[in-house]
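Structure, as structure tokens:
The values are calculated or read from the model by the stated rules, or taken from the named source; none is laboratory data. Predicted model only: the values in this text are computed from it and were never measured. All Cβ positions, even for glycine, are placed from backbone atoms using ideal geometry, and neighbour counts span all protein chains on display.
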Ligand SMILES: Nc1ncnc2c1ncn2[C@@H]1O[C@H](COP(=O)(O)OP(=O)(O)OP(=O)(O)O)[C@@H](O)[C@H]1O
Ligand SMILES: [Mg+2]
């Protein structure tokens, strides 16, 4: 009788254990566990942490960045990197803002701004594929070019856009029931792109290219076309984020989005993307950006000085990259 | 040969996830002998050598050097005990000069903070001289694969080692380079250095080695003195069955009367090859011979849109086609197997399945989405067809032995049911048994009406399989031979530019 009990107990325990190792065995699982742990700890430390208001703020803070993270993830998968996302995001904002102030319909202005950011992506893609520069240098140059253009367009001071029509402000400020509209846009983009990254044949070609570009060429993949496409995608998503921010804040600020490349690259790497290319998932990267946001928000709730925030984020990135490195080393040796 | 044992491994066990690569292996190496190590693809040869070199750690077992038990944590430890290792896969720094690659270990441990490059180049040239003409100042990525292999060997020789391990060094070498290597091996042996030599070529083993040790499926199957055995015995011990080395029967009749699949005319790239023309017919195996560097691979790549050309036309099944990108060729069913497996061939960190389906991902997709069932089904079918030795096709290709990686590439080509297959060194690194299987497979494909072009530096293979052979010399065609003309003497004669036929 008691023997029976222990057997049963054991099996329950072992299935629990199995579930645990299964969850841990994929990157997203580990991240979810870490996020849960942070939440549990925080709910003890701060009564405000587990409130709807706080969570709404956290979600809002990472959902627009999350859109940029999607592009960055694909960029890392193909083995590239895009340092210009913050500047391109700001450029879209400033272009749309300037056009609106010149009397253009805000929707048309936004579409033109999106086209401009896509165009920047295409030009960067051209330099990478046709001229043969590396992503790092090309996007570094365009970080400067795009940021400079923002200052030129705005003459260095923020454009105030309080006259934006309510219908346009709805993108960044409206909500559907209790859910801010931004979060809905974000969820749609994330769910769709996560699905595409996992399943679509075009994304498979991106993985092949990132894994071994030469072998991809020798598998009949039009590597340059794919690289160009990814560059356009990454910049366009940054542009979209810029439009959303403009609608949310009712302003276009030339210094906005500085350091966004660091946040998005960190998020993707924490989520399992590899700087060597060939690896990464949208879900992982989004969990990465969520973790960074939750930590930032926790530090604020705990009254830690803002000066500490970048330091802590840096440490988390270092930790994530080290874990990744050891996992790879183990895989090679095992 | 003295019987002093310089290296002894005992009871080595090595487990990888899902497989036991080595299961209690023993091996003795005597002073001043050349010991051949043979076994099928995936038998565990490279794994054992990686353990002796400290790259991998065994799960069980002991290593003794000169009778003293040692633990080798890293290749640096192994170096200190005088072990030099030429890996199966070329592992050089691609963007660094030949000389710096050769002396990497020395530069690494040197106390000096400045490098005397003139001295470095001079010493590199000295080591390279007996092996072949390689410029020590060139960057490695500018070299042909055979020259890269030479640099690998020179790198090991520079270490002044007591035990030298050569893992399939000749798979990528030309004949003259191979001969040079053998001469060096005999010199080293005379100096009392012991060599472990891994190869799938029985002829080399019987001409160069003193003893042969046999591995089968990770189990040690004994050692034989070369003088007291023959290749039949060795092969049957390592494969566990008899291998008939007979090539399948060639095309009956005149294959040029069959329907024309490919007509290549006046191919020129103004650099590596010049005015190459030939036809390929249904059911034909057309061999391409020539010394390495004769431009054979470049012609094939140009046909597939993988190498630029400045003149020439291709007709496919009677219709003029233009191929600007390899994808166009694949769509028509023309596929190319690269000779550079590691750089241009496999996606090392992707699964076997994803590697096999890479050539035509649309084939296993519906509405732009990859259909996992289709992909798995197709990949598993071809993995089984080619007998790829793996625990599961979900594992990364990097976990496969060299020969099995080669089979993955073959599976990838066949999975799209091509009409014209261009094979560049198709059996490089493949074991004796699998090799004759692949020869049969190639002939069967031809019999199904597929046209096959095969580049091979192994003359017996080329002669045994080809219905016709086009010989190239320094980028020019020396003509096409068929029937009894396909023999070693004639091909070598033509390949060295001494004779031309019909052009
Ligand atoms: N990192 C790894 N992870 C998992 N399995 C591995 C790994 N490395 C090797 N193996 C497996 O170990 C076995 C022995 O491989 P090894 O490379 O030693 O073969 P080999 O005798 O050198 O073959 P070849 O003649 O093809 O070079 C193979 O079944 C291979 O799949
Ligand atoms: Mg091997």
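Numerical summary
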| quantity | calculated |
| --- | --- |
| Single unsatisfied condition, residue B:365 versus (1) more than 12 Å from ligand 1 (Cβ to nearest atom); (2) crowded, with 22+ Cβ neighbours inside 10 Å | (2) |
| Candidates B:466, B:477, B:457 - the one that is modelled with pLDDT under 90, assigned by TED's automatic domain parsing to the domain that holds residue B:292 and in contact with a strand residue (DSSP E or B) (Cβ under 9 Å, 6 or more places away or on another chain) | B:457 |
| Test: residue B:436 is within 14 Å of chain A (Cβ to nearest Cβ) and either within 16 Å of ligand 2 (Cβ to nearest atom) or surrounded by fewer than 24 Cβ atoms within 10 Å (Cβ to Cβ) (or both) | no |
| Selection count, the stretch B:279-312, where residues are part of a strand (DSSP E or B) and on the phi < 0 side of the Ramachandran plot | 9 |
| Every residue from the stretch B:51-66 that is assigned to a loop (DSSP other than H, G, I, E, B) and either within 16 Å of ligand 2 (Cβ to nearest atom) or touching a strand residue (DSSP E or B) at 6+ places or on another chain (Cβ under 7 Å) (or both) | B:53, B:55, B:56, B:58, B:59, B:66 |
| Sole residue being more than 14 Å from every other protein chain (Cβ to nearest Cβ), within 16 Å of ligand 1 (Cβ to nearest atom), touching a strand residue (DSSP E or B) at 6+ places or on another chain (Cβ under 8 Å) and part of a helix (DSSP H, G or I), chosen from B:35, B:27, B:48 | B:48 |
| Failed item in (1) on the phi > 0 side of the Ramachandran plot; (2) part of a loop (DSSP other than H, G, I, E, B); (3) modelled with pLDDT of 85 or more, with residue B:137 passing the rest | (1) |
| Out of B:213, B:207, B:231, sole residue that is within 16 Å of ligand 1 (Cβ to nearest atom) and at negative phi | B:213 |
| Residue among B:441, B:459, B:378 that alone is surrounded by fewer than 22 Cβ atoms within 10 Å (Cβ to Cβ), within 24 Å of residue B:353 (Cβ to Cβ) and touching a helix residue (DSSP H, G or I) at 6+ places or on another chain (Cβ under 7 Å) | B:378 |
| Residue within the stretch A:175-188 that is exposed (fewer than 15 other Cβ atoms within 10 Å of the Cβ), within 20 Å of the chain's Cα centre (by Cα) and within 14 Å of chain B (Cβ to nearest Cβ) present | no |
| 1 or more residues more than 9 Å from every other protein chain (Cβ to nearest Cβ) and in contact with a strand residue (DSSP E or B) (Cβ under 6 Å, 6 or more places away or on another chain): qualifying helices (runs of 4 or more DSSP H) within the stretch B:340-419 | B:402-414 |
| Hits in the stretch B:301-325 (condition: within 14 Å of another protein chain (Cβ to nearest Cβ) and farther than 21 Å from residue B:260 by Cα) | B:306, B:307, B:308, B:324, B:325 |
| Residue in the stretch B:104-122 that is over 21 Å from residue B:187 (Cβ atoms), within 25 Å of the chain's Cα centre (by Cα) and surrounded by 12 or more Cβ atoms within 10 Å (Cβ to Cβ) present | yes |
| Long-range neighbours under 6 Å by Cβ, at least six apart or interchain, first residue in contact (Cβ under 8 Å) with a residue 40 or more places away in the chain and assigned by TED's automatic domain parsing to the domain that holds residue B:38 within the stretch B:395-407, second assigned to a strand (DSSP E or B) and within 9 Å of ligand 2 (Cβ to nearest atom) | none |
| Residue list for the stretch B:2-14, filter: more than 12 Å from ligand 1 (Cβ to nearest atom) and closer than 21 Å to residue B:79 by Cβ | B:5, B:6, B:7, B:8, B:9 |
| Filter result (part of a loop (DSSP other than H, G, I, E, B) and within 16 Å of ligand 2 (Cβ to nearest atom)) within the stretch B:154-172 | B:168 |
| Residue among B:88, B:79, B:94 that is touching a residue at least 60 places away in the same chain (Cβ under 8 Å), assigned by TED's automatic domain parsing to the domain that holds residue B:201 and more than 16 Å from ligand 2 (Cβ to nearest atom) | B:79 |
| Extreme residue, surrounded by the fewest Cβ atoms within 10 Å (Cβ to Cβ), among residues of the stretch B:15-24 that are within 8 Å of ligand 1 (Cβ to nearest atom) and assigned to a strand (DSSP E or B) | B:16 |
| The stretch B:192-204, subset touching a residue at least 60 places away in the same chain (Cβ under 8 Å) and away from ligand 2 (no atom under 16 Å from the Cβ), residue surrounded by the fewest Cβ atoms within 10 Å (Cβ to Cβ) | B:192 |
| Residue check, residue A:312 in contact with a helix residue (DSSP H, G or I) (Cβ under 9 Å, 6 or more places away or on another chain) and within 14 Å of chain B (Cβ to nearest Cβ) | no |
| Criterion: within 14 Å of chain A (Cβ to nearest Cβ) and more than 16 Å from ligand 2 (Cβ to nearest atom) - qualifying residue of B:19, B:74 | B:74 |
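Residues checked against (1) surrounded by fewer than 18 Cβ atoms within 10 Å (Cβ to Cβ); (2) closer than 29 Å to residue B:448 by Cα:
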site: B:229; (1), (2): yes, no
site: B:233; (1), (2): yes, no
site: B:236; (1), (2): yes, no
site: B:241; (1), (2): yes, yes
site: B:259; (1), (2): yes, yes
site: B:272; (1), (2): no, no
